[in-house]
Structure formats: C-alpha cells, structure tokens
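Right, one structure below, let's go through it.
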Amino acid sequence: MALDGFSPRFGKALTPAEARELNPLVLAYVGDGVQMLYLRARLASSSHAKAGKLHTLVSGQARATSQAKAAAALNERFDDEERAIFLRARNSHVGSAAKHASIAEYHSATGLEAVFGFLYLTGRTDRLDELLDAAFDVCSD
C-alpha cells in the first residue's frame, strides 16, 4: 500500500537533521498516526468487512505487542540512521505504559513508531512503505 499521497508537513519535508532535533516521542506520536492510517487504508481497501471488524483488525496490528514483534523482525533491516532513531526513542522516558504489554514491548513499539514518524516527516515514503509493509507481514503471521 503506497503512501505516495502523503504530504509531510503539508508541503515541505523536514531535513534529516531537522527531524533528528525533534523529541523522539514526538516522532513516535507522528509514526503512530502514520501507521494507523496505513493499516486502516490497507485493510479497508482489501476487505469488505464493516467498520467495527476493521477496527478490531487494525487494533491487533497496532498494539504494542505486535509492534514490538515487528520491531524485532525489522531491526536488522534498519540503516544506521533508523537504528539510531529507534534506540533513542526506545530509551526515552515514557510517562505511560500499555495495558497489555510489558515495559520492554512498549518501549520497543515506541522506537518503531519513531522510525515511521522520522521517515514520514523526512519524505522518505518509499522506505516508509517498505517498512510498513514488512511490519504488516510480520504481524499478520
């Protein structure tokens, strides 16, 4: 599912240096939204399910335990910059925790979301598509 229609910052993408200056939890916040839109669009376009069923499917893929599983599978695919973003977000002090995930899973999920946010804000949609597709495949098994 391509994200070619996405428009970072509604026009101009951030430079990698500008994106790295953002708080990693802000990157994760953006990445969470990007992943949710990706999942909703992908599942809606490939299913005749009603909205309630789609919500259940999306929630299963977007929960911290699933994201942590995807992060573990994608970790070796990250380039140096993506790995640095992942680690910085994973190691950030998070003021909350997931109800049904361990602290380690929650932190790993936050790292993955930060990578998605970073790629989106820097306009690297081809790479973002690649990682979102891979995460989807891992979580669909």
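The figures follow:
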| item | result |
| --- | --- |
| Yes/no for A62 being at pLDDT below 85 and surrounded by 16 or more Cβ atoms within 10 Å (Cβ to Cβ) | yes |
| Verdict on R77 being of a type in the set (K, R), out of contact with any Phe, Trp or Tyr (no Cβ under 9 Å at 6 or more places or on another chain) and modelled with pLDDT of 85 or more | yes |
| Filtered residue count, segment 108-139, keeping only those that are surrounded by fewer than 20 Cβ atoms within 10 Å (Cβ to Cβ) and touching a Lys or Arg at 6+ places or on another chain (Cβ under 9 Å) | 7 |
| Residues located in segment 37-54, provided they are surrounded by fewer than 14 Cβ atoms within 10 Å (Cβ to Cβ), of a type in the set (S, T, Y) and in a helix (DSSP H, G or I) | S45 |
| Flag for A101 being of a type in the set (A, V, I, L, M, F, W, C) and either closer than 18 Å to E18 by Cβ or assigned to a helix (DSSP H, G or I) (or both) | no |
| Residue among A70, A109, A114 that is touching a Cys at 6+ places or on another chain (Cβ under 7 Å) and modelled with pLDDT of 85 or more | A70 |
| Any chance L27 is surrounded by 16 or more Cβ atoms within 10 Å (Cβ to Cβ), modelled with pLDDT under 85 and of a type in the set (A, V, I, L, M) | no |
| Residue check for L14: assigned to a loop (DSSP other than H, G, I, E, B), at pLDDT 75 or above, within 15 Å of V115 (Cβ to Cβ) and not β-branched (V, I, T) | yes |
| Scan of segment 55-86 for residues that are under 25 Å from A17 (Cα atoms), assigned to a helix (DSSP H, G or I) and more than 14 Å from the chain's Cα centre (by Cα), ordered by number | E76, R77, D80, E81, A84 |
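The values are calculated or read from the model by the stated rules, or taken from the named source; none is laboratory data. As the structure is a computational prediction, the values presented were derived from the model and not from experiment. Glycine gets a Cβ as well: all are built from the backbone with ideal geometry, and neighbour counts include every protein chain shown.
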